[in-house]
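The structure appears right after this line, and notes come after that.
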């Protein structure tokens, strides 16, 4: 059984964008098709656990399959195996099995079982070693966030060998949400991980990083770059601007199309950055 998630990341680099609706997925796919680049459509754990979550995954898988670019759907940051099973049953082509808050051995056990479940479906698994502060659904950050455990290169080498995971998310000073101060990413740590781990690496929390930081990460082996916060902020700003004065006639399609046209340049920028950042 093929594993399209791993195939994309081994052969190429991909931007990964969290999609809360089919409209957002269409924005990302259109931008990816225009550039002929692969893309990962992500669904957050919180979105998937809604009643509509499995249907959203099924819809996005159909959209990805019908697109003119290589695209896969991943359910992101899953913290229990029941949700992993449900995501795979809904058709997700990849899951992010997140046991990063557990100790090393518990993380290994959790991820190994997630890999076993995913292989039945020909799906890929991403895991995380070390921890990222912040929250995937909330862009607010504490003024002085506590330091997070970084990814240990030697542990990463052992973790990958024991779990059979397809992609590893690293903690090198990055975080979810907004950065209260410009981060100082640990490039030496990333270089050491790349030297020891022959596996695609993922950089989460890319919203708010400078272009030069993303390019440096790509040059040091990052194959998947996750974006969420910037897209949520742009969606809210566009929606607020379009809704003002548009209540008359309730022309919803006009509003959705205007928001779409606002977000496509952002998607194009991020996809182009990841694909051409070297």
Exercise. Looking at this structure, is residue 17 buried (at least 24 other Cβ atoms within 10 Å of the Cβ) and not in a helix (DSSP H, G or I)?
Worked result: yes
Seminar exercise, completed: Residue count, the stretch 95-122, condition out of contact with any helix residue (DSSP H, G or I) (no Cβ under 6 Å at 6 or more places or on another chain), crowded, with 18+ Cβ neighbours inside 10 Å and in a loop (DSSP other than H, G, I, E, B), comes to 2
Exercise. Does residue 225 satisfy the condition of being in contact with a helix residue (DSSP H, G or I) (Cβ under 8 Å, 6 or more places away or on another chain), outside any loop (DSSP other than H, G, I, E, B) and modelled with pLDDT under 95?
Worked result: no
Seminar exercise, completed: residue 4 vs (1) touching a residue at least 60 places away in the same chain (Cβ under 8 Å); (2) surrounded by 20 or more Cβ atoms within 10 Å (Cβ to Cβ); (3) over 19 Å from residue 128 (Cβ atoms): all pass except (2)
Problem set entry | Residue among 62, 87 that alone is touching a residue at least 24 places away in the same chain (Cβ under 8 Å) and either touching a helix residue (DSSP H, G or I) at 6+ places or on another chain (Cβ under 7 Å) or in a helix (DSSP H, G or I) (or both) | 87
Seminar exercise, completed: The number of residues in the stretch 70-91 that are surrounded by 17 or more Cβ atoms within 10 Å (Cβ to Cβ) and closer than 21 Å to residue 203 by Cβ is 9
Seminar exercise, completed: residue 26 vs (1) touching a helix residue (DSSP H, G or I) at 6+ places or on another chain (Cβ under 6 Å); (2) part of a helix (DSSP H, G or I): all pass except (1)
Exercise. Looking at (1) surrounded by 16 or more Cβ atoms within 10 Å (Cβ to Cβ); (2) modelled with pLDDT of 95 or more; (3) in a helix (DSSP H, G or I), can you tell me which one residue 154 breaks?
Worked result: (1)
Exercise. Hey, does the stretch 233-250 have a residue that's modelled with pLDDT of 90 or more and buried (at least 16 other Cβ atoms within 10 Å of the Cβ)?
Worked result: yes
For this session: For residue 276, work out the one condition from (1) touching a residue at least 12 places away in the same chain (Cβ under 8 Å); (2) within 21 Å of the chain's Cα centre (by Cα); (3) surrounded by fewer than 21 Cβ atoms within 10 Å (Cβ to Cβ) it doesn't fulfil.
Result: (1)
Seminar exercise, completed: If you go through 57, 72, the only one that is modelled with pLDDT of 95 or more, over 30 Å from residue 184 (Cα atoms), in a strand (DSSP E or B) and touching a strand residue (DSSP E or B) at 6+ places or on another chain (Cβ under 6 Å) is 72
Problem set entry | Selection within the stretch 38-55 - crowded, with 18+ Cβ neighbours inside 10 Å and within 16 Å of the chain's Cα centre (by Cα) | 38, 39, 40, 41, 42, 43, 44, 45, 47, 48
For this session: Please determine, by comparing only the residues of the stretch 186-203 that are assigned to a helix (DSSP H, G or I) and touching a strand residue (DSSP E or B) at 6+ places or on another chain (Cβ under 9 Å), which one is surrounded by the fewest Cβ atoms within 10 Å (Cβ to Cβ).
Result: 194
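The values are calculated or read from the model by the stated rules, or taken from the named source; none is laboratory data. Predicted model, so just to flag it, every value in this text is computed and none were measured. All Cβ positions, even for glycine, are placed from backbone atoms using ideal geometry, and neighbour counts span all protein chains on display.
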